[in-house]
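> After the structure tokens below, expect a handful of questions from me.
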Amino acid sequence: MEKRTYQYINNINSPIDLKAVDKKNLPKVCAELRQFIIDEVSKNPGHLGSSLGVVELTVALHYVFNTPYDRIVWDVGHQAYGHKILTGRRDLFHTNRQFKGLCGFPSPKESEYDAFGVGHSSTSISAALGMSVASLLKDERNRNVVAVIGDGAMTGGLAFEGLNNTSVNKNNLLIILNDNQMAIDPVQGGFTQYLVDITTSRTYNKIRFKAYKFLNKFHVLTDDNKKRITQFNNSVKATLTRQNNIFEGLNIRYFGPVDGHDVDGLIRIMSEIKKFNGPKVLHVITKKGKGYEPAEKSATVWHAPGKFDVETGERNTIKTLVSTPPLFQEVFGETLLELALENEKIVAVTPAMPSGCSMVIMQKELPKRVFDVGIAEGHAVTFSAGMAKEGMIPFCNIYSSFMQRAYDNLIHDVAIQELNVVLCLDRAGIVGSDGATHHGLFDLAYMRCIPHLTIAAPRNEIELRNLMFTAQQPDMGPFVIRYPRGKGTVVDWHQPMKALEIGKGECLKQGNNLAVITIGTMASHAQPAIEKIEKEFNTSIAHYDIRFLKPLDEAMLHEIGKKFSLIITIEDGVIIGGFGSAVLEFMSDHKYPVQVKRLGIPDSFIEHGTPDELYHMLGLDTQGITRSIAECLESSKSLRFETFEV
Ligand SMILES: Cc1ncc(C[n+]2csc(CCOP(=O)(O)OP(=O)(O)O)c2C)c(N)n1
């Protein structure tokens, strides 16, 4: 690819530089910014379509507002690449999402321009409202706070809670609703249709904007009469379109819809509405992937496309002649369909991730039994509980870190009632370049303490299938299956399924000097380490796969407690309260005189990087596990080492 020269953005190192650009040249700034994002993301993968869609909006925001004093809170933050590039991070952008490089999401630790840390959806209105209210309390009346939220993120309950609260607190919040009719997959739900409806009443919207401007000019748009004006607006709107404006109904002034790719128009309207006190919404219509044809045509694929050729739009999908193990996600998707074809009680629920978790496979064949409920994890769990109460068997697939949103739904709506919801936690463990907000490291610890749950972690694809098969059998109660992102270890995975005994682990290898107990796919990290130590030091190590975190295989743990004085537990989750803690508690409760060394995630948030880099850093790759086993053996004096290099 030819090296491009950028006349404008190469000289923009902060929004002050941007403000120095003549307004008539801003479309050129936008074109360069867009090209820069495309070039960089083609070589160093990340989110693409969303950032392309908000290029003009980003430029306009930094042109109009006085950042970082004014706060811009990006929802999710996957669309903030342009923001990062314009706020002093252009030259570092090639490190985006890499180990020790820029974070793929706004992060206040990285820049004062990143007003609030994000990664999970639908937080922007609540956070920005809090900031706006705090600013008024501190008498910083001239501070503007802007929440930029997509129509996908608007489907999350938290966004509505924020809206509801916005109307009662004194604040100056501006909510920019970035409406592209897409989440990762097409946006689902009534609200998206509602946005289409209000978008079509342009004449009414124009009249109202003019009225606002007029009233504001003569200082009659006070807080006292604002409510009456919005109510009047709503009644006019109701007469004209037989529909109320939901924002105006909540006492939040609504502006728009406006063309989100007209940078000049955006600047004009933002400069205007900035003058109005009180909460307001600006509805902006954009195209996801704008300016790059393949991304415009196929927004789901180009949400996060991996590496690609800028000229041809060809994506770097790995082609190999050698058979490799499939992704856990593919196995989940294929197996779900297979089971659903046999068992008509099975339904599938996803909070807006049908492609990511491969539920699209079932969606294609059995669309009536697949429910994309929007970016609404709490609702997904309670909705599944409702279906289970009526005798269905919902497979509710939620990414492990997003499941944190639905904790009480799991306890209150599923576990207490012992409902047969099969909760499939995708992306458990280290996820890689999405980083701290997305690693699925807490689930083992936060699930283990909930009564009535069965919690399992397959060590390979065949076990995933067997666990799914087991979970859909009658009267299983709440059943959690957590598995990682990416490939497992078994190529020939498509074998007949069989039921597994609940709470039964497996001894993968007998041994005498030390017991290693792993959970899930950590078995494949440990296995070569065990072989290496055994070979080089003439010792014998047993390896057990616990498989079920709950109920624990007590018979197996008694056997281990009686036979060994040294145990190493290995998990891809937090050490505090996780699987290793469960073993430690068990050994203590049963008074076994054993030393339990727990390997897992320490008490800190893990940043972004490739899984290999991160597991290496954490000592959870084969090399690190080898070292830990050696150290353990050495400290116990059951084996003497003069030198040991790993
Ligand atoms: C709580 C939570 N659930 C799911 C996701 C995954 N996710 C990231 S972006 C996205 C779509 C967001 O859609 P929208 O807000 O419309 O932004 P767009 O990508 O269309 O610009 C989803 C579902 C997330 N980040 N957080």
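The values are calculated or read from the model by the stated rules, or taken from the named source; none is laboratory data. Predicted model only: the values in this text are computed from it and were never measured. We place every Cβ from the backbone using ideal geometry, glycine too, and count neighbours over all the protein chains shown.
> Considering each of S51, S42 in turn, give the residue that is part of a helix (DSSP H, G or I), within 15 Å of the ligand (Cβ to nearest atom), under 21 Å from G313 (Cβ atoms) and modelled with pLDDT of 95 or more.
S51
> Please specify each residue of segment 1-53 satisfying the condition of being of a type in the set (V, I, T) and buried (at least 21 other Cβ atoms within 10 Å of the Cβ).
I9, I12, V29, I37, V41
> Does T67 meet the test of being within 16 Å of the ligand (Cβ to nearest atom) and not hydrophobic (A, V, I, L, M, F, W, C)? Steps first, answer last, please.
Values: within 16 Å of the ligand (Cβ to nearest atom): no; not hydrophobic (A, V, I, L, M, F, W, C): yes.
No.
> Report whether or not D264 is under 14 Å from L26 (Cβ atoms) and over 28 Å from the mean Cα position of the chain (by Cα).
Yes, satisfied.
Residue-wise test of (1) touching a residue at least 40 places away in the same chain (Cβ under 8 Å); (2) touching a Leu at 6+ places or on another chain (Cβ under 8 Å).
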residue: F116; (1), (2): yes, no
residue: I125; (1), (2): yes, yes
residue: M131; (1), (2): yes, no
residue: A134; (1), (2): no, no
residue: A147; (1), (2): yes, yes
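> Still on this structure, I have one more. When E248 is evaluated against the numbered criteria (1) more than 25 Å from L61 (Cα to Cα); (2) modelled with pLDDT of 85 or more, which criterion, by number, is the only one it fails?
Every condition holds for E248 apart from (1).
> Give me the pairs: first residue in segment 344-356 and among the acidic types (D, E), second residue more than 10 Å from the ligand (Cβ to nearest atom), beta-carbon distance under 9 Å, and six or more apart or on different chains, which are they?
What qualifies is E344/R369.
> Can you find even one residue in segment 359-377 that is of a type in the set (S, T, N, Q), buried (at least 23 other Cβ atoms within 10 Å of the Cβ) and in contact with a strand residue (DSSP E or B) (Cβ under 7 Å, 6 or more places away or on another chain)?
Let us first name the residues in segment 359-377 that are of a type in the set (S, T, N, Q), namely 363.
Filter once more, so that each one left must be buried (at least 23 other Cβ atoms within 10 Å of the Cβ): none.
There is no residue in segment 359-377 that is of a type in the set (S, T, N, Q), buried (at least 23 other Cβ atoms within 10 Å of the Cβ) and in contact with a strand residue (DSSP E or B) (Cβ under 7 Å, 6 or more places away or on another chain).
> Another question about this same structure. Cβ-Cβ under 8 Å, sequence separation 6+ or interchain: first residue in segment 287-309 and aliphatic (A, V, I, L, M) and near the ligand (Cβ under 10 Å from one of its atoms), partner part of a helix (DSSP H, G or I) and at pLDDT 95 or above. Which pairs?
A299/G49
> Let me ask something else about it. Is it true that L282 is of a type outside the set (G, A, S), assigned to a helix (DSSP H, G or I) and surrounded by 15 or more Cβ atoms within 10 Å (Cβ to Cβ)?
Numbers: of a type outside the set (G, A, S): yes; assigned to a helix (DSSP H, G or I): no; surrounded by 15 or more Cβ atoms within 10 Å (Cβ to Cβ): yes.
Considered against the rule, which asks whether it is of a type outside the set (G, A, S), assigned to a helix (DSSP H, G or I) and surrounded by 15 or more Cβ atoms within 10 Å (Cβ to Cβ), L282 comes out as no.
> Does any residue of segment 319-330 turn out to be among the basic types (K, R), at pLDDT below 95, surrounded by fewer than 24 Cβ atoms within 10 Å (Cβ to Cβ) and farther than 30 Å from V76 by Cα?
Yes, the conditions are met somewhere in segment 319-330.
> All but one of (1) within 15 Å of the ligand (Cβ to nearest atom); (2) surrounded by fewer than 16 Cβ atoms within 10 Å (Cβ to Cβ); (3) of a type in the set (G, A, S) hold for G190; state the number of the condition that does not hold.
G190 satisfies all of (1) within 15 Å of the ligand (Cβ to nearest atom); (2) surrounded by fewer than 16 Cβ atoms within 10 Å (Cβ to Cβ); (3) of a type in the set (G, A, S) except (1).
> Look at segment 88-118 and say how many of its residues are among the polar types (S, T, N, Q) and within 15 Å of T610 (Cβ to Cβ). So that I can check it myself, show each step before the final result.
Pass one, segment 88-118, residues among the polar types (S, T, N, Q): 95-96, 98, 107, 111.
When the remaining residues are screened for being within 15 Å of T610 (Cβ to Cβ), the result is 95-96, 98.
Total meeting the criteria: 3.
> If S358 satisfies every condition in (1) over 23 Å from T521 (Cβ atoms); (2) in a loop (DSSP other than H, G, I, E, B) but one, which is the exception?
The one condition S358 does not meet is (1).
> Pairs needed: first member in segment 469-496, over 24 Å from D443 (Cα atoms) and surrounded by 15 or more Cβ atoms within 10 Å (Cβ to Cβ); second member anywhere, modelled with pLDDT under 95 and not β-branched (V, I, T); C-beta distance under 8 Å; at least 6 residues apart or different chains.
Between residues of segment 469-496 that are over 24 Å from D443 (Cα atoms) and surrounded by 15 or more Cβ atoms within 10 Å (Cβ to Cβ) and residues that are modelled with pLDDT under 95 and not β-branched (V, I, T), the close pairs are V490/P325; W493/P325; W493/P326.
> Within segment 54-64, how many residues turn out to be near the ligand (Cβ under 8 Å from one of its atoms) and surrounded by fewer than 24 Cβ atoms within 10 Å (Cβ to Cβ)?
Let us first name the residues in segment 54-64 that are near the ligand (Cβ under 8 Å from one of its atoms), namely 54.
Retained after the next criterion (residues that are surrounded by fewer than 24 Cβ atoms within 10 Å (Cβ to Cβ)): none.
Residues that pass the stated criteria total 0.
> Sticking with this structure for a sec: Between L86, L92, L102, which is away from the ligand (no atom under 16 Å from the Cβ) and either under 20 Å from A376 (Cβ atoms) or not in a helix (DSSP H, G or I) (or both)?
When all the criteria are applied, what remains is L102.
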